[in-house]
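Written below as structure tokens is the structure these notes are about.
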Amino acid sequence: MSLLIKNIGELFDGYKIIKNTSIYIENGKIKSIGREEKADEIIDASNKFVMPGFVDCHTHAIFSGYRAFEIEWKIEGLSYKEIAERGGGIAYTVEQTRKASKEKLKKETMERVKEMIKHGTTTAEIKSGYGLDTENEIKMLEVINEIKNNASIDIVPTFLAHAVPKDMKADDFVDVIVEEMLPEIGERKLAKFCDVFCEVGYFNVEQSRKILMEAKKYGMLPKIHADEFSCMGCSKLAAELEAASADHLLMTSEKEMELLADAGVVATLLPATPFILNEEYPDANKMLRYGIDVALATDLNPNCYVTNMQFIVQLACYKMGMKPIEALKAATINAAKALKMEKKVGSIEVGKNADILIMNVPSHLFIPYKIGVNLVEKVIKNGKVIYSQQ
Ligand code: NIG
Ligand code: FE
């Protein structure tokens, strides 16, 4: 099977802009750029803007129970912590997710994945973390893996040590994670990454180190929810463990930025979270100046329900001062790096998977410019059209 996408007005290949070009695809892989080969199928891009599929490298897309009831509290100015104390937050979602059957979880998550696809996501990471006991964390990971086997996009499963259950001491729960959860997840190969919410009131640096070091023994690669509300040395830990990424980074110090840069840890920024929590945004430009690879993701979760990576690019440009090209790079090839998938996805290069978006705009500048509508015309995954705007 071969496919030619011709009459591309502007192409962003993951790194730079190329004008007036074409992409030739064979058996789902990119074969050549700029050569109009004979093909079984032709798509005329009609001078529109074409780019790699978005890589959403940080989501909590699997959960049950929406938290729309928190909206008015947020508008009143209640903090994340105060909302949790009023019966919202992670504990509420844990209760709902524990109650949900695998079928229900799968159906609800699949709907979210479809929403992501429609908005241009062709690779998505999904974390567990709303089970908080062995049975329910495994249940979540099993569902993520079923979705991975059935979805038309790449799904990457992550085990997340998200919070300490109400009735337990943190150290005791860490023992459960290390002695029960990780061995089973490791043996059954249910997760590529292990992530920890390293934060005051969740897991401290010592506990996070213990979990991530143990996960490494089973071949799971470390990731860290770091410096979201406080700076307590989580980025330093990410650098020490050579984590694939450190995520959030609202409070990261310059010293730690230097460490992340030296260790080659990707900084995954999630601007929708400070947007809905009315907080300061991370300093993307400072991180870029330190030479850190900056990635972007939605953080889709019941606290921050965003499936659309175009909106994330818009926030990155307007609220974090990133240039459109930098933001698009962060949402594609750098995000692929955060998932250790940069050899296969995230850019339009010969030999890579043909994950391509045809956007209903003439240039990349229109992605941050046109807000509030879906700009995706076609989503191509492994050389096949999986979504087409009606
Ligand atoms: O990445 N920060 C921790 N976890 C999620 C939010 C989880 C929740 O509130 O349900 C996040 O923002
Ligand atoms: Fe998160």
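Quick look at the values:
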read-out: Likely footprinting exposure, Ile155, Ile17, Ile62, fewest C-beta neighbours within 10 Å first; value: Ile17, Ile155, Ile62
read-out: Ellipticity estimate at 222 nm from DSSP helix runs (n ≥ 4, -39,500 (n - 2.57)) divided over the chain, nearest 500; value: -10000 deg cm²/dmol
read-out: For Glu37, residues with placed amide H under 5 Å, excluding near neighbours; value: none
read-out: Nearest-20 debye value, the chain charge dipole, Cβ charges on Lys, Arg, Asp, Glu; value: 1380
read-out: Cα-based shape type of the stretch 48-195, given that a ≥ b ≥ c are square roots of the gyration tensor eigenvalues and the cut on a/c is 1.5; value: oblate
read-out: Formal net charge of residues neighbouring Val379 (Cβ-Cβ distance under 14 Å; K, R +1; D, E -1); value: +1
read-out: Nearest 10 degrees, 0 to 90: helix 134-150 Cα axis against the chain principal axis; value: 10
read-out: Cα gyration tensor shape for the stretch 247-390, rounded if a/c is under 1.5, else prolate or oblate; value: oblate
read-out: Shape of the stretch 49-125, Cα gyration tensor, a/c cut at 1.5; value: oblate
read-out: Theoretical gain in end-to-end length, Tyr369 to Gln96 [0.36 nm per residue, Cα-Cα removed]; value: 94.5 nm
read-out: Percent RCO, i.e. relative contact order, over the stretch 245-297, from Cα pairs under 8 Å lying at least 6 residues apart; value: 43
read-out: Exposure proxy order (Cβ contacts within 10 Å, fewest to most) of Tyr92, Tyr66; value: Tyr66, Tyr92
read-out: Near-label residues of the stretch 201-228 by backbone N, under 15 Å of a point 7 Å along Cα→Cβ of Lys286; value: 227-228
read-out: Length-normalised contact order of the stretch 277-346 in % [C-alpha pairs under 8 Å, at least 6 apart]; value: 32
read-out: Label point distance in nm, Ile71-Lys29, each placed 7 Å from Cα along Cα→Cβ; value: 4.7
read-out: The chain, relative contact order in percent, only Cα pairs under 8 angstrom and at least six apart counted; value: 20
read-out: Residue-by-residue Karplus 3J(HN,Hα) for the stretch 249-261, coefficients 6.51, -1.76, 1.60, Hz, glycine and proline x; value: 6, 6, 10, 5, 7, 5, 4, 6, 4, 4, 5, 4, 4
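None of the figures in this text is laboratory data; all of them are computed from the coordinates on show. All of these numbers come straight from a predicted model, not from anything done at the bench. Every residue, glycine as well, gets a Cβ built from its backbone with ideal geometry; the counts of neighbours run over all protein chains shown.
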